[in-house]
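Accompanying notes for the structure given below.
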Amino acid sequence: MPGGDGLPEVVTIGVSVSVPDPYGTAIQDARAGHGDPLARSIPTHVTLLPPTEVPAGELPKIEEHLAAVAAAHRPFRMLLRGSGTFRPVSPVVYVRVEEGAQECRLLEADIRSGPLARELAFPYHPHVTVAHGLPEDVLDQAYEQARGFRADFPVPGFGLSRFDADEVWRPWRSYPFG
């Protein structure tokens with residue numbers, strides 16, 4: 001049964017720093033080129049809160065929490081450079097967050113508190129996914145191709161996204177830093 005505002009009773013949300021174009025599109029294109037079926041359904045980002053199911057009725061309190069977190073932080077510079085992997089623990093190849101990682105860690109800790117307090121399956125590690133759940137040889141190729149990647153951009157805030165019924169992540173609200 002749907003909740004208010006045409007939303008289902010439970011909504012899956014995520015919080016992230018968006019990777020702006022042309023970098024975001026370049027990473028999404030690389031993901032698609034590796035055959036990652038999720039390439040076009042997930043905008044390029046650095047996760048601050050992984051997919052989290054919340055009651056739709058809690059969204060006003062969550063949005064208030066996110067606004068307060070954003071107001072307590074300042075804009076920062078992010079440098080993405082080179083590749084990394086979570087293998088063999090998880091079949092993921094990513095671009096490393098070389099500068100801005102500490103700011104992401106502080107944001108993640110503040111976001112994952114209050115109404116969004118939850119345990120994580122793995123320790124938080126800021127990164128930008130390039131390939132996920134693909135055959136080993138494709139992950140090797142993605143790792144090699146991402147080694148030369150470099151992106152440098154300002155981070156003025158973060159965003160709240162919603163996972164819709166069509167299994168696509170969509171930006172929903174933006175939270176500029178104070």
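The values are calculated or read from the model by the stated rules, or taken from the named source; none is laboratory data. Predicted model, so just to flag it, every value in this text is computed and none were measured. Neighbour counts are summed over all protein chains in view; Cβ atoms, including those assigned to glycine, are modelled from backbone coordinates with ideal geometry.
For this structure, a couple of remarks:
- Among the residues of the stretch 97-129, those that are in contact with a Gly (Cβ under 9 Å, 6 or more places away or on another chain) and surrounded by fewer than 20 Cβ atoms within 10 Å (Cβ to Cβ) comprise 98, 125.
- Among the residues of the stretch 85-109, just one is within 14 Å of the chain's Cα centre (by Cα) and of a type in the set (Phe, Trp, Tyr), namely 94.
- Members of the stretch 59-91 that are more than 25 Å from residue 162 (Cα to Cα), touching an Asp or Glu at 6+ places or on another chain (Cβ under 9 Å) and among the small types (Gly, Ala, Ser): 82, 83
- Across the stretch 68-95, the number of residues qualifying as over 16 Å from residue 126 (Cα atoms), surrounded by fewer than 15 Cβ atoms within 10 Å (Cβ to Cβ) and touching a residue at least 40 places away in the same chain (Cβ under 8 Å) comes to 4.
- Qualifying residue in the stretch 1-14 (condition: within 13 Å of the chain's Cα centre (by Cα) and modelled with pLDDT of 95 or more): yes
- Residues located in the stretch 132-178, provided they are free of Cβ contacts under 8 Å to residues at least 40 places away in the same chain and either of a type in the set (Ser, Thr, Tyr) or touching a Gly at 6+ places or on another chain (Cβ under 6 Å) (or both): 174
- Across the stretch 134-159, the qualifying residues are those that are of a type in the set (A, V, I, L, M) and assigned to a helix (DSSP H, G or I), and the one among them that is surrounded by the most Cβ atoms within 10 Å (Cβ to Cβ) is 142.
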